[in-house]
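A.B. asks: Below is the structure I would like to discuss, written out as structure tokens.
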Amino acid sequence: MSDTTLRHLETLRIIPRYPRKVTADEVHEQLHAAGFNIGRRSVERDLHKLSSSFAISCDEGPRPVGWFWQAG
């Protein structure tokens, strides 16, 4: 598997189920701890890209935005 695919899988693993949330900064820290060298902005782009194919969403409330797996 490519490094990008592995990173995306790890990102999906990090995201909790609603009502818990995780910020892009927290995802970035956990990916870095797992050995992925990626910038915070790239993590944000990955999260938006993944949300179009998987049942993950972000709250549109005040910053920082929290990401979660949708209920159900």
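A.B. asks: Send over a whole-number figure in Å² for the accessible area per residue of the chain, probe 1.4 Å.
C.D. replies: For the chain, the solvent-accessible area averages 66 Å² per residue.
A.B. asks: From the backbone phi of segment 11-22, what are the Karplus-calculated ³J(HN,Hα) couplings (6.51 cos²θ - 1.76 cosθ + 1.60, θ = phi - 60°) in whole Hz, Gly and Pro given as x?
C.D. replies: 4, 4, 5, 6, 5, x, 7, 4, x, 5, 9, 9
A.B. asks: Quote the Stokes-Einstein diffusion coefficient, in whole µm² s⁻¹, for the chain, based on the Kirkwood radius over alpha carbon pairs, a temperature of 20 °C and a viscosity of 1.002 mPa s.
C.D. replies: Translational D for this selection: 176 µm²/s.
A.B. asks: Sticking with this one: With θ set to phi - 60°, apply the Karplus curve 6.51 cos²θ - 1.76 cosθ + 1.60 along segment 42-47 and write out the HN-Hα couplings as whole Hz, x wherever there is a Gly or Pro.
C.D. replies: After applying 6.51 cos²θ - 1.76 cosθ + 1.60, I find 5, 4, 4, 5, 4, 4 Hz.
A.B. asks: Now for a different question. Percent of accessible area on the chain owned by carbon and sulfur, 1.4 Å probe?
C.D. replies: The nonpolar share, carbon plus sulfur, comes to 50 percent.
A.B. asks: Shifting gears a bit: Based on the Cβ-Cβ distance from S53 to Y18, what FRET efficiency comes out when R0 is 25 Å, to the nearest 0.05?
C.D. replies: Plugging the Cβ-Cβ distance into 1/(1 + (r/R0)^6) gives 0.90.
A.B. asks: Please give the helix 24-33 orientation as an angle from the longest Cα principal axis of the chain, in degrees from 0 to 90, rounded to the nearest 10.
C.D. replies: 30 degrees
The values are calculated or read from the model by the stated rules, or taken from the named source; none is laboratory data. Bear in mind that the values here come from a model prediction, so they are computed numbers and not experimental data. Virtual Cβ from ideal backbone geometry, glycine too; neighbours counted across all protein chains shown. These area figures cover heavy atoms from the full protein model, side chains too; ligands, DNA and RNA do not enter into them. Shrake-Rupley method; radii C 1.70, N 1.55, O 1.52, S 1.80 Å.
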